[in-house]
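Some notes on the structure that comes next.
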Amino acid sequence: MTIIASLLRGAELPDSPTARLDIELLLAAALGKSRSYLHTWPERIVSSEAAQTFSDYLQRRRAGEPVAYILGQQGFWKLDLEVAPHTLIPRPETELLVETALMLLPATSARVLDLGTGTGAIALALASERPSWQVTAVDRVPEAVALAERNRQRLELGNVTVCSSHWFSALEGQRYDLIISNPPYIAACDPHLAAGDVRFEPASALVAGDDGLDDLRAIIAKAPEHLQEGGWLLLEHGYDQAAAVRELLARHDFEQIESRDDLSGHQRISLGRLSC
């Protein structure tokens, strides 16, 4: 007979920096309960099936697989999203994009474009906060488009349209009040690509050329053709890329250019307004 408390005590994830959290999330999922249940009812008996599921989850986590992929879900903003290995796992740092976008435009009607939407995290978060906004979410990966659409349907957000497009390729003639993106921005030779959870995420969602700026360059160069006069471009980038991104924005007729820090004090996003 196995109880919850003994499973928690006996579980180990020596290579995870968030071991205790990982263990609790995996056990709660195996039981079909919340994390608070584990501490409220530590003496509850665990079925052999649930114990085996938990053991399987731990084995996968010890092999380095991200918890989000094991469980097939990840929280972002105020939403619970389905995730899968063909999309980037939404990260807390990216919520800074959402916070900033909500401050840039009024709550009245606006047209917003999310480039490289992946799970749909950014687009769906914005749409959930601004029902009057019409949000278009695009991705070039068919599986990502299907996943974002599933998340949209489950969240019942009718003000989001999900479609297939490689950046602006399918959006000819369309203009927006705000374009937002968390594009790939890691250099191909970056050693972090071979470490931690990133090993399991798709390279197409991470790597952008020798200096990590290829996709940022492409988006910034093309964005003026798809922005209304005075429209905003808002981008996430690497912790050491802010100066380069601000220079690119200035080169392509953007004004009111600035970068903003994430909770770790890194300049994580940059933005600019298309000159009128």
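Any read-out appearing in this document is the output of simple, stated calculations on the displayed coordinates, not a laboratory observation. For clarity, every value in this text was computed on a predicted model and none was experimentally measured. Here Cβ is always computed from backbone atoms with ideal geometry, including for glycine, and neighbour counts include all displayed protein chains.
Stretching the chain fully between A63 and E93 yields a gain of 8.3 nm (0.36 nm per residue, less the alpha carbon separation).
Length gained on full extension, Q256 to D211: 13.7 nm, using 0.36 nm per residue less the C-alpha separation. Most fluctuating residue of A19, A68, A127 in a GNM of the chain with Cα springs under 10 Å: which is it? Result: A19 has the largest fluctuation of those listed. Extension gain for L263 to S55 (0.36 nm times residue separation, less C-alpha to C-alpha distance): 71.5 nm. Between E43 and Q153, the FRET efficiency from the beta-carbon distance, with R0 = 35 Å, is close to 0.30. With a Förster radius of 25 Å applied to the C-beta separation of L102 and R175, the computed FRET efficiency comes to 0.75. When the Debye formula is applied to the Cα atoms of the chain, each taken as the same point scatterer, what base-10 log of I(q)/I(0) results at q = 0.14 Å⁻¹? Summing over Cα pairs of the chain leads to -0.99. The spacing between the stretch 13-79 and the stretch 128-155, judged by their C-alpha centroids, is 27 Å. Taking every Cα-Cα distance in the stretch 1-49 and sorting them into 5 Å bins starting at zero, the pair-distance distribution P(r) comes out as 5, 22, 34, 25, 11, 4, 0 percent.
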